[in-house]
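One structure is given below, encoded as structure tokens.
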Amino acid sequence: MPLIENSSYKKPFYYWNGHWETIIPSIFRKIEGVVYQRERLELNDGDFVDLDCLNQDSSKLAIITHGLEGNSDRHYAKGMAKHFFQNGWDAIAWNCRGCSGDINRLPRFYHHGATEDLAAVVQHALDCNRYKTIVLIGFSMGGSMTLKYLGERGMGVNPAVKSGVVFSVPCNLGASASELDKP
């Protein structure tokens with residue numbers, strides 16, 4: 001996975017630590033003008049996930065996976081969906097089990113290692129037979145799921161899936177938990 005080692009980016013002074021980098025956007029960043037169309041995707045195990053879609057009959061699709069306890073309405077998911085839509089793409093910001101506002105049917109939850117639901121969302125998009133380019137975007141835990149999904153498939157991933165981009169991924173869960181436990 002390529003890392004950006006040298007960058008001219010300088011963070012604003014008010015982002016003096018990682019906590020503020022999370023808190024400030026969640027309070028002050030408001031994304032206007034995103035009106036999703038909700039679609040319920042029935043899963044093979046009898047449960048469902050809800051897909052919030054921005055469609056314009058594009059041949060390009062961005063599939064966005066939120067972070068732990070997030071949903072498609074979080075500013076980062078809506079902002080990403082809006083960006084892609086404004087640039088001619090369709091977007092699906094899907095909600096992990098139990099995160100769409102509706103109670104799921106089964107007592108199964110999502111976690112960093114669960115890629116079956118993401119696989120179902122990707123397959124659903126492929127079954128539409130219109131997407132020639134699909135990109136996967138994941139935030140935090142959704143990034144872990146995205147990386148694991150791509151790693152499990154390796155070179156066998158469907159050729160329409162061109163790339164995956166992840167943000168703030170806790171690649172080492174043990175070290176991340178230890179860091180969170182610090183005062």
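Every number in this text was worked out from the coordinates using simple rules, so none of it is lab data. Please read these numbers as outputs of a predicted model, since none were measured by experiment. As a convention, Cβ positions derive from the backbone with ideal geometry for all residues, glycine included, and neighbour counts pool all protein chains shown.
Summary of values
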read-out: P(r) of the chain over all Cα-Cα pairs, binned every 5 Å from zero, in whole percent; value: 1, 7, 15, 19, 21, 17, 11, 6, 2, 0, 0
read-out: Where Cα atoms sit under 22 Å apart: lysine pairs in the stretch 37-181 separated by 8 or more or lying on different chains; value: 9
read-out: Ascending count of other beta-carbon atoms within 10 Å, so fewest first, for ASP45, ASP127; value: ASP127, ASP45
read-out: Relative contact order for the chain, counting Cα pairs under 8 Å that sit 6 or more residues apart, in percent; value: 19
read-out: Cβ-based exposure ranking for CYS128, CYS96, CYS53, in which fewest neighbours within 10 Å come first; value: CYS128, CYS53, CYS96
read-out: From phi via Karplus (6.51, -1.76, 1.60), per-residue ³J(HN,Hα) for the stretch 47-58 in Hz, x at Gly/Pro; value: 9, 8, 10, 9, 10, 9, 10, 10, 10, 9, 6, 7
read-out: For the stretch 162-174, 3J(HN,Hα) per residue [Karplus equation, 6.51 cos²θ - 1.76 cosθ + 1.60, θ = phi - 60°, Hz, x = Gly/Pro]; value: 8, 6, x, 10, 10, 10, 6, 8, x, 5, 10, 4, x
read-out: Neighbour count of at most 10 Cβ within 10 Å plus DSSP loop: longest GluC sites (Glu not before Pro)-free window in the chain; value: 33-183
read-out: Amide H contacts under 5 Å for GLY164, placed H, 5+ residues apart; value: LEU136
read-out: Computed over the stretch 1-81, the ratio Rg/Rh where both radii use C-alpha atoms and Rh is Kirkwood; value: 1.06
read-out: Residue-averaged [θ]222 nm for the chain, counting only DSSP H segments that reach four residues, each worth -39500 (n - 2.57); value: -9500 deg cm²/dmol
read-out: Long-range amide H partners of ARG38 with built H, under 5 Å; value: CYS53
read-out: Kirkwood hydrodynamic radius over Cα pairs of the stretch 74-162, then Stokes diffusion coefficient at 37 °C and 0.692 mPa s, in µm²/s; value: 232
